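What follows is a short report on a single structure.
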Amino acid sequence: SGITSVKSSVALDYSYDALGRLEEVKEDNAAIIAYCYDAAGNRYNVVHNAGSDSCPDEPAPQLPAIVTGLSISSSQGGGYVVSWSPVSDAIWYEVNLPAPDAAFPNQQPPIRIDSPQTTMTTSTQRPINVRACNYYGCSIDASAF
């Protein structure tokens, strides 16, 4: 009796897109892994045992929900605390402190607050607008007075 040894070789082929991102891995000319990217360049799916045309449709862009629970309260330090409920698909929030008087339109740009933080302090009490943002855009403003 004898022992038979069989060695097999596998040819792997890696395909890249114009931006240098890995798109597909093929084994002996059959796609085994496909990497799917959205229009913004984010990978949204990895498909194993991939076939031809293996990337499902790109998910529709989703803007974050509108901020809820927005409130302004006095702080012990003499200023005001602005707080709101977290929005699950927000990556950051933009807080807009409108000019205190319409006669003075010099308004500062929105303040960016990275999620998961949902509070900030301000020295004056005036109308405040907060919107939730992600890479697809921002929700409409929620306002507190």
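The values are calculated or read from the model by the stated rules, or taken from the named source; none is laboratory data. What you are looking at is a predicted structure, and each value in this text was computed from that prediction instead of being measured. Here Cβ is always computed from backbone atoms with ideal geometry, including for glycine, and neighbour counts include all displayed protein chains.
Things to note:
- Residue count for region 22-65, restricted to those that are charged (D, E, K, R), farther than 30 Å from residue 132 by Cα and not in a strand (DSSP E or B): 2
- Among the conditions (1) modelled with pLDDT of 90 or more; (2) assigned to a loop (DSSP other than H, G, I, E, B), residue 105 misses just one, which is (1).
- Among the residues of region 45-64, those identified as surrounded by fewer than 14 Cβ atoms within 10 Å (Cβ to Cβ) and in contact with a strand residue (DSSP E or B) (Cβ under 8 Å, 6 or more places away or on another chain) are 46, 48, 49, 51, 52, 56, 59, 61, 62.
- Near pairs, Cβ below 7 angstrom, 6+ apart or cross-chain, from region 37-51 (at pLDDT 85 or above) to any residue that is of a type in the set (Lys, Arg) and assigned to a strand (DSSP E or B): 37/43
- Within region 120-142, if we keep just the residues that are among the polar types (S, T, N, Q) and surrounded by 13 or more Cβ atoms within 10 Å (Cβ to Cβ), the residue that is farthest from residue 74 (Cα to Cα) turns out to be 134.
- Of all residues in region 35-86, those being farther than 24 Å from residue 112 by Cβ, of a type in the set (A, V, I, L, M) and within 22 Å of the chain's Cα centre (by Cα) number 3.
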